[in-house]
Each structure stands twice: as C-alpha cells, then as structure tokens.
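Here's the structure we're looking at; comments come further down.
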Amino acid sequence: MADPDAPSVPLCEQYAVADVDSHIIEPADLWTSRLDPKWGDLIPHVRFHERRQEDYWYVGDQKLYGVGAFAQARWPEYPPSHPKSLADAFEPALDAKARLAYNDSVGVYYQVLYPNILGFHSHVFLNNMPHELATQCVAAYNDWLVEWCEADPVRLVPMMMLPFWDIDASVAEMKRAHDLGHKGVLFAARYDKVGLPRLVDDYWEPLLGQAQEMGLSMNFHVGFLNNPEDLKGAVDQSKKMDFTRESSLVLLGNAQNVAEVVLSGVCERYPDLAFVSVENGAGWLPFLAESMDWQWLNVGAHKDYPDRLLPSEYMRRQIYGMYWFEQESIQRVVHEMEDNLMFETDFPHATSLSPGPASESPSPRDVIERSLGGLDHTIIEKVLTGTATKLYDLAPPSR
C-alpha cells in the first residue's frame, strides 16, 4: 500500500516531457559559412549597428533585427530588452550540449526546434533575394539544424523549413530533409496573402499529398508569413503596454489558419494529414470549434455540403494545439481535447517559461504541476508525452 505521507514525485520526473515548441538562436555564420560567396551581402549576415550599438542581422541593406532579439531567456531586464550580442545570450539558447543540460534542470526531455529568422522574416527571403538563393538558404538551415541536433538526436527534434515559393523545390526539400531526420514541416495556411494559391487548390497537392503519405505534420507557427508590421510589437516596441497588446494579439493568429484548413475543405481532402497550431496557446481552440459548428448549422452550410463532417469533428481528427503559460483555463481545455493537446516552453523567447528578471516567468516544472496536477495520469501522459511522440514519430526515451 502506498504511503500517503510519502513525498509526491514531480510530474516532469514521471514522464519524458515533450516541449513541442522551442527555438535556437542562429549563429552569425550560419549562411555565410555555407553558401557561395558570389551572392555577396544578399547572404544573411551579421554586422554591427552603430546607432543601436548592437549586432544586427541583414540581407543586403535590409535590416532584420538584433541577433539577441529572440534570446530573452535569463536576460536580467524585462522584455523587449534583449542581449546586444550573441556572447551576451544565455548559452543554452545557442549551444546544443548546454541546452540538453538546461532541459534536464527544468524537467524537459524532448524538444522540438523552430527557426527565428526564416520563420519570422520569411517575407525577406521571399521578396529581397533571388529565389535561387532563398532556396539555398532554406536547405542550408535544414542541414545546420540537423547537425545541431546530433548532440542527442533522440531528444532534439528538428522541424524543416520549405522554399514555399517553388512547389517543385518544396517537394524535393521535404524528401531530402525527412531523410536527414526532420520530423515535421513549418508551414502556413494562407499563402494567398503572398500571391500563391489557397491551400485547398490543386497547386499544393504534390506537397500536401506527399506529407500525408510520409506522415509529416504541417505546423502553423505564430508569426510565420505575417506582415512584418504585425510582429513589430512583439520585437521592437519599447513601450510596455504596446508590447503587451501586440504580442497578446499575435498569439491569436492561428485561429485563421485553423479555420482555413477546416472550412476550406483541406482537412476533408487530406483526412490523414495533421495540422498543428504552434505557440498560440490552447484556450481559444474549444471556442473556435464550437463557434464554427454553430455557424455551420446556422447558415445551412450542412445542407450545401451534406457529406462534410462538423468543423469540430475535423478539429478532433486533425488539429493539434499546445500551451505553456495558461493556468486557469487549461484543465477545461484538456477535457475538450485530451488527444490533441501538447506542452511547450517557447524557450528562449520573451514569453517563454524561462525565469526572467523578477522570476515572474515560472519554470516548466512549476507550470506542469499547476496546470495538470490532479488529472488522471492517462490524460497527463498524453499531454506531456504520448501525443507528441506519436505525432512527430519520436524514438522512445533512452534513459
């Protein structure tokens, strides 16, 4: 019989916790060391910004952002303040072995890895350089990420970027990156915003069909393919209220992406393809499902499309979400979508579970206990480990 007075074992020690959204801060020579120097300053590179007294990423003369703009983990000042150089950043944001040691200390086992530059500044690669060079930048990034993950290829999980401006190159890169070890695809649902066909169009069939066959999920990360102005408050605003407003609103961005794939017929057309809402929280997902069902019936869409499922049924079948800082709402969300919910930390970004200057950002250990403590262990296992390992085809823990 179990001793009721025995100390409880923290959840992060009972399960191989999968953090399904984190980032690596790209090294300054990622592209300059890998691409043909014939492209000159069009290759993404770092140089010192005199007025700001900060190292900045550039493509040609286009200034992107400071090298430490997304490296606020353990930074001693409140966001959006950030390190001015890579040397000032928290080492686990840059180094794989340091990351693994840090993850051990905060109770994270697996970690799924997304880009910063290619993700948040995809418009620059699309508009400010030849497509040939942009495609080479994507391949170089995918190669570098796999090499970074070689420190522990079981625990560190690479997610591929694709040259979405070229469908044939994207199909080829998906195959190549998957063979290298990438476990999913950074993607968008509204490519019509940049002049490409909508996702339900036959144009995307070679890519989406191949992803379905290969069992690769399509991951909608907040901010990917956004207008640069949409992200300004999350990176550059100096006023705290502006940062709070803009970054909070950005975190609702994937509602459009989910509605697009559910209501346009993409989920109907690709019934075995999973779509993941990344770094957008989860509290809004049950509301969106209920809202779409209501309107679907309210306007008679079910009469026009009698063979379609309810929107909420597609969501349960194919849409996945994740949470990190949510506390009050998450237990209700768990009961609504226990098979579709995962955990993330967003390390090392400004909203990540990385204690900041006043330790107001709790550690993953604390958040897991507060949000999932008391739930049935079958549900906890799904949220912390099972759903992610199945979705991303992760190897069993090696410990």
*asked:* Based on alpha-carbon atoms only, what is the radius of gyration of segment 1-158 relative to the globular estimate 2.2 N^0.38 Å?
replied: 1.25
*Protein-only accessible surface order, largest first, of Ser264, Ser217, Ser329 at 1.4 Å*: Ser329, Ser264, Ser217
*asked:* Checking the cross-link filter: which lysines have an alpha carbon closer than 26 Å to that of Lys38, excluding same-chain neighbours under 8 positions apart?
replied: Lys63
_Looking at segment 1-131 only, what percent of DSSP beta bridges run antiparallel? Nearest 5 please._
65
_Charge dipole (debye, nearest 20) of segment 145-226; +1 at Cβ of Lys and Arg, -1 at Cβ of Asp and Glu_ = 300
*Given the chain reduced to its alpha-carbon atoms as identical point scatterers, what log10 I(q)/I(0) does the Debye formula return at q = 0.12 Å⁻¹?*
-0.96
*asked:* Mean-square fluctuation check for the chain, GNM, Cα pairs under 10 Å: which of Val20, Val200, Val278 is largest?
replied: Val200
*Just check segment 60-128 against the gyration tensor rule for me: Cα atoms, a ≥ b ≥ c as the square roots of the eigenvalues, rounded for a/c under 1.5, and otherwise prolate or oblate depending on whether a/b exceeds b/c.*
oblate
*With every protein chain kept in the model, how would you rank His23, His123 by accessible area, 1.4 Å probe, largest at the top?*
His123, His23
*asked:* Counting heavy atoms of the protein chains only and a 1.4 Å probe, report the per residue accessible area for the chain as a whole number of Å².
replied: 43
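Once you charge only the Cβ atoms, +1 for Lys and Arg and -1 for Asp and Glu, what is the size of the charge dipole of the chain about its Cα centre, to the nearest 20 debye?
I would put it at about 460 debye.
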*Give the shape of segment 286-397 as rounded, prolate or oblate, defined through the alpha-carbon gyration tensor: a ≥ b ≥ c are the square roots of its eigenvalues, a/c under 1.5 means rounded, and otherwise the shape is prolate if a/b is larger than b/c and oblate if not.*
prolate
*Quick one: if you stick a label point 7 Å off each Cα along the C-beta vector at Glu213 and Asp41, how many nm between them?*
4.5
*With 31 Å as the limit, write out which pairs from Lys84/Lys240; Lys97/Lys183; Lys303/Lys382 have Cα-Cα distances beyond it, or answer none.*
Lys303/Lys382
*asked:* Based on alpha-carbon centroids, what's the gap between segment 149-218 and segment 114-140 in Å, whole number please?
replied: 14
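Could you give the length gained by full extension between Glu290 and Asp168, i.e. 0.36 nm per residue of separation minus their alpha carbon distance, to one decimal place?
Result: 40.2 nm gained on full extension.
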*Once phi is turned into ³J(HN,Hα) by the Karplus curve 6.51 cos²θ - 1.76 cosθ + 1.60 with θ = phi - 60°, what whole-Hz value does each residue of segment 34-51 show in order, with x for glycine and proline?*
10, 9, 4, x, 4, 7, x, 6, 6, 5, x, 8, 10, 8, 7, 9, 4, 5
*Given R₀ = 35 Å, FRET efficiency for Ala395-Glu50 by Cβ-Cβ distance, to 0.05?*
0.15
_Percent carbon-and-sulfur accessible area, segment 105-188, ignoring ligands, DNA and RNA, probe 1.4 Å_ = 51
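The values are calculated or read from the model by the stated rules, or taken from the named source; none is laboratory data. These figures come from a predicted structure and were not determined experimentally. Note: ideal-geometry Cβ built from the backbone for every residue, glycine included; neighbour counts use all protein chains shown. The accessibility values were calculated without ligands, DNA or RNA, using every heavy atom of the protein model including side chains. Shrake-Rupley method; radii C 1.70, N 1.55, O 1.52, S 1.80 Å.
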